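The values are calculated or read from the model by the stated rules, or taken from the named source; none is laboratory data. Everything numeric in this text was worked out from a predicted model, so none of it was measured. Glycine gets a Cβ as well: all are built from the backbone with ideal geometry, and neighbour counts include every protein chain shown.
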Amino acid sequence: MPVARIIELRTILKEYRLTHILITDAVTAEYISGFRASQCILLVTSRRTTLFTDFRYKEEASRFCRRNRLWRFVMIEGSGYAFLRAVFKRGDRVGIQSDALTVDQYDFIKNQIKTIRLIKLKDRVAGVPVVKLPHEIEAMRTAASIGDRAFRIVCGKIRVGMTEKAVATLLEDICRSFGSERPPFDTIVLFGGRSALPHGTPSERKLKQGDLILFDFGCTVRGFCSDMTRTVVMGKATGRQNRVYTIVHNALRQAKRAVHPGACAADIDNGARSVIEKEGYGHAFGHATGHGLGLRVHEAPRIKKGSTTVLSAGMVFTIEPGIYLKGFGGVRIEDMVVVTDSGPRCLTKTPRRLLELQA
């Protein structure tokens, strides 16, 4: 049970002089409580933790709270947030996830419960699970290992004439056969010049000899995501393909050197970006260097220019520099890393050398 996260929430309670913290985002609620449901709302005070969900999850929530005595289960009656009227008293100061509530949800709570004060916590609550717990890291390691195995298999099955869509479907099927619950995002497989589309959608474009092939895909285990990108060549790589690939690989290695507790996320981005800019391709690397992941495939910390996030042991994120050149194609290499006291530990194990597939 993530008791440390409850302690952190209670620190926020004191900091903002709150009587309650209301957690309305279901993913954040799962991180805090360990209970998964499409509707799960948590209420945390200095002495009590309450889990609200609706009739669909009544039995599961009851069992969960019997096993986890920290939580008290209350079933939501009615629709929306009307049930909260019976929860608060006049003068309560309630911290809310202002980065997660819609405008309509915020207006409803504010208008229906006029005797309380709502305090916007922005992303403070979402930031509580930025340091992952050991069982969460293990789930992501397992998901990444499924991806590693599936990638090896699919590379042995690719043939000239296959379409991007066919390869993407094959890759997803292999991942499922090895135990992935679902793809955490739409699988990207792009050939030739289309590999210059950083987040392109697989098409009916057929594979040709000499094409770059960009794979970006993930797996899911116990709800936790993996994310890996590799770029390969169908056949023998040209000199230019080798040069661009080497630059991106060097950028990845330089970025990893900046990963350690106490480092700034912007330093990782700068490590990758400086290598690419020095080689004259800065204009062709237009996205952030990485992102956190867990129950979501994109979450804190953001590994980007200007980020002030200070790294702590247990943070998990991607490092994914790339170069994208119209007409030539794109190269991206993406690894998942865990921050440890001794530096980065890669969860993705697939080799980073340029793979040349045989026809």
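Before moving on, here are some points about what is shown:
- Only one of the numbered conditions (1) outside any strand (DSSP E or B); (2) closer than 28 Å to VAL244 by Cβ is violated by ALA313, and that is (2).
- Filter pass, VAL125 being farther than 30 Å from LEU43 by Cα and crowded, with 20+ Cβ neighbours inside 10 Å: no
- Scanning the range 208-254 for residues that are over 29 Å from the mean Cα position of the chain (by Cα) and in a strand (DSSP E or B) yields one hit, MET234.
- Enumeration of residues in the range 316-334 that are part of a strand (DSSP E or B) and in contact with a strand residue (DSSP E or B) (Cβ under 8 Å, 6 or more places away or on another chain): VAL316, PHE317, THR318, ILE319, GLY322, ILE323, TYR324, GLY329, GLY330, VAL331, ARG332, GLU334
- Per the conditions (1) in contact with a Pro (Cβ under 7 Å, 6 or more places away or on another chain); (2) within 14 Å of ARG352 (Cα to Cα), the sole criterion not satisfied by CYS225 is (2).
- Here GLY294, GLY306 are screened, and the one residue that is assigned by TED's automatic domain parsing to the domain that holds ALA251 and either within 17 Å of the chain's Cα centre (by Cα) or part of a strand (DSSP E or B) (or both) is GLY294.
- Only listed residue being of a type in the set (Ser, Thr, Tyr), modelled with pLDDT of 95 or more and over 20 Å from VAL189 (Cβ atoms), chosen from THR246, THR231: THR246
- Count - residues of the range 143-173 that are over 22 Å from ARG353 (Cα atoms) and surrounded by fewer than 20 Cβ atoms within 10 Å (Cβ to Cβ): 8
- So GLU204, is it without any contact (Cβ under 8 Å) to a residue 60 or more places away in the chain, within 28 Å of ALA26 (Cα to Cα), among the acidic types (Asp, Glu) and not in a helix (DSSP H, G or I): no
- Here the range 230-253 is the region considered, the condition is being surrounded by 20 or more Cβ atoms within 10 Å (Cβ to Cβ) and among the polar types (S, T, N, Q), and the residue that is nearest to PHE151 (Cα to Cα) is THR231.
- Residue that is surrounded by the most Cβ atoms within 10 Å (Cβ to Cβ) [pool: residues in the range 174-197 that are in contact (Cβ under 8 Å) with a residue 12 or more places away in the chain and over 25 Å from GLN358 (Cα atoms)]: SER180
- Applying the set (1) of a type in the set (Asp, Glu); (2) in a strand (DSSP E or B); (3) buried (at least 22 other Cβ atoms within 10 Å of the Cβ) to GLU356 leaves exactly one unmet item: (3).
Results for (1) assigned to a strand (DSSP E or B); (2) surrounded by fewer than 18 Cβ atoms within 10 Å (Cβ to Cβ); (3) aromatic (Phe, Trp, Tyr), shown as yes or no for each residue.
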| position | (1), (2), (3) |
| --- | --- |
| LEU18 | no, no, no |
| LEU51 | yes, no, no |
| ARG56 | no, yes, no |
| ALA61 | no, no, no |
| ARG72 | yes, yes, no |
| GLU77 | no, yes, no |
| GLY80 | no, yes, no |
| GLY95 | yes, no, no |
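- Here LYS349 meets each of (1) within 25 Å of ARG152 (Cα to Cα); (2) crowded, with 19+ Cβ neighbours inside 10 Å with one exception, condition (2).
- Filter result for the condition that a residue is of a type in the set (S, T, N, Q), modelled with pLDDT of 95 or more, touching a Lys or Arg at 6+ places or on another chain (Cβ under 9 Å) and part of a loop (DSSP other than H, G, I, E, B), over SER38, SER46: SER46
- Scope the range 31-49; condition surrounded by 19 or more Cβ atoms within 10 Å (Cβ to Cβ), closer than 21 Å to GLY223 by Cα and of a type outside the set (Gly, Ala, Ser); matching residues: TYR31, ILE32, PHE35, CYS40, ILE41, LEU42
- Hits in the range 48-86 (condition: closer than 21 Å to LEU118 by Cα and either of a type outside the set (A, V, I, L, M) or not assigned by TED's automatic domain parsing to the domain that holds ALA29 (or both)): ARG48, THR49, THR50, PHE52, SER79, GLY80, TYR81, PHE83, ARG85
- Residue selected from the range 82-93 under the condition of a type outside the set (A, V, I, L, M) and not in a helix (DSSP H, G or I), by the criterion surrounded by the most Cβ atoms within 10 Å (Cβ to Cβ): PHE88
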